[in-house]
Amino acid sequence: MSDITQHGALMDDVYRYQRLIYDVTRKYYLLGRDHLIEQMDVAPGETVLEVACGTGRNLAKIKQLYPEAKLYGLDISEQMLATARKKLGASVPLAQADACNLDAESLFGLSEFDHVVLSYSLSMIPDWKSALSEAHCLLGPGGRLHIADFGDQSGLPKLFRSALCTWLGKFHVAPREVLPQFLAEKFDGAAIRRLYRGYAYHAVITRRA
Ligand SMILES: C[S@@+](CC[C@H](N)C(=O)[O-])C[C@H]1O[C@@H](n2cnc3c(N)ncnc32)[C@H](O)[C@@H]1O
């Protein structure tokens with residue numbers, strides 16, 4: 001089995017049953033997702049791709065807030081996509097793909113997007129640097145990459161931090177503590193904000209026009 005198929009199979013295993021309670025349970029600990037969506041400021045007709053869209057929870061909220069946006073989603077897990085398809089219907093094209101090796105043109109007939117979203121996915125993608133660079137390549141001139149994920153938890157009690165990491169490990173989630181620094185060094189003008197005493201962060205990277 002290739003690494004990609006293996007990772008897809010692992011994600012299917014993690015989410016086969018979890019997807020049924022995902023939206024209800026994750027709302028308590030995937031914090032900052034609504035903040036990200038509110039800050040997106042999507043203009044009518046603009047395109048939005050969520051990479052690793054999971055159950056489609058964010059795309060559904062984006063659709064509510066920006067009803068004239070054109071939405072797209074992809075995920076490596078067919079299990080997650082089954083839930084997303086049910087939720088979003090045929091008006092949102094969804095595809096199975098690996099965030100680290102994307103060909104958006106063949107998936108969606110589009111090679112550039114006005115907005116790309118990576119929400120709590122880099123912490124679940126082993127080669128997160130490739131996923132980040134692929135997502136950035138999908139931005140058209142002036143396009144924006146919106147990221148939300150776990151922070152370094154530095155403002156929170158040590159006991160909470162270690163309990164959280166143990167819990168997340170059960171789901172193959174590994175917070176990327178170096179990510180904010182990596183973004184700041186790699187992308188000029190990256191806007192990075194710590195949320196909830198370091199529990200999460202929100203970053204926006206704009207591709208130069
Ligand atoms: C914690 S969920 C986040 C889902 C959604 N973005 C959200 O904010 O609710 C992580 C998602 O990343 C997906 N994923 C993990 N590795 C991936 C990869 N290499 N390519 C695409 N999706 C991936 C998983 O299948 C899962 O749906």
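All of the numbers you see were taken from the coordinates with simple rules; none came from a lab. As the structure is a prediction and not an experimental result, all values here were calculated from the model. Reconstructed Cβ throughout: ideal geometry from the backbone, glycine too, with neighbour counts over all protein chains shown.
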Note: the chain, point scatterers on Cα, Debye, no solvent; log10 I/I(0) at q = 0.08 Å⁻¹ equals -0.25
Full extension between LEU195 and GLU177 adds, at 0.36 nm per residue less the Cα distance, a length in nm of 5.1 nm
Under 5 Å from the placed amide H of CYS53, counting only residues 5+ away or on other chains, we find LEU74, ASP75
Between the modelled labels at LYS86 and LEU65 (7 Å from Cα along Cα→Cβ) the distance in nm is 2.5
Checking rank on 14-20, 52-58, 38-44, with mean other Cβ inside 10 Å and highest first, the result is 52-58, 14-20, 38-44
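Net charge around GLY109, counting only other residues with Cβ within less than 12 Å of its Cβ (Lys, Arg = +1; Asp, Glu = -1)?
On the way: positive: LYS70; negative: ASP103, GLU105, GLU112.
With Lys, Arg at +1 and Asp, Glu at -1, the neighbours total -2.
Can you give the translational diffusion coefficient of region 129-209 in µm²/s, computed by Stokes-Einstein from the Kirkwood radius over Cα pairs at 20 °C and 1.002 mPa s?
Taking Rh from Cα pairs, D becomes 157 µm²/s.
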For LYS27, the aspartates and glutamates lying under 15 Å Cα to Cα, once residues fewer than eight places off in the same chain are dropped, come out as ASP149
Summing -39500 (n - 2.57) over every DSSP H run of at least 4 in the chain, dividing by its residue total and rounding to the nearest 500, the 222 nm mean residue ellipticity is -11500 deg cm²/dmol
With the label point 7 Å along the Cα-to-beta-carbon line of CYS165 and a cut-off under 20 Å to each amide N, the hits in region 19-47 are 29-31
Counting sequence-distant residues (5 or more places) and residues on other chains, those with an amide H built under 5 Å from that of ALA200 are GLY151, LEU195
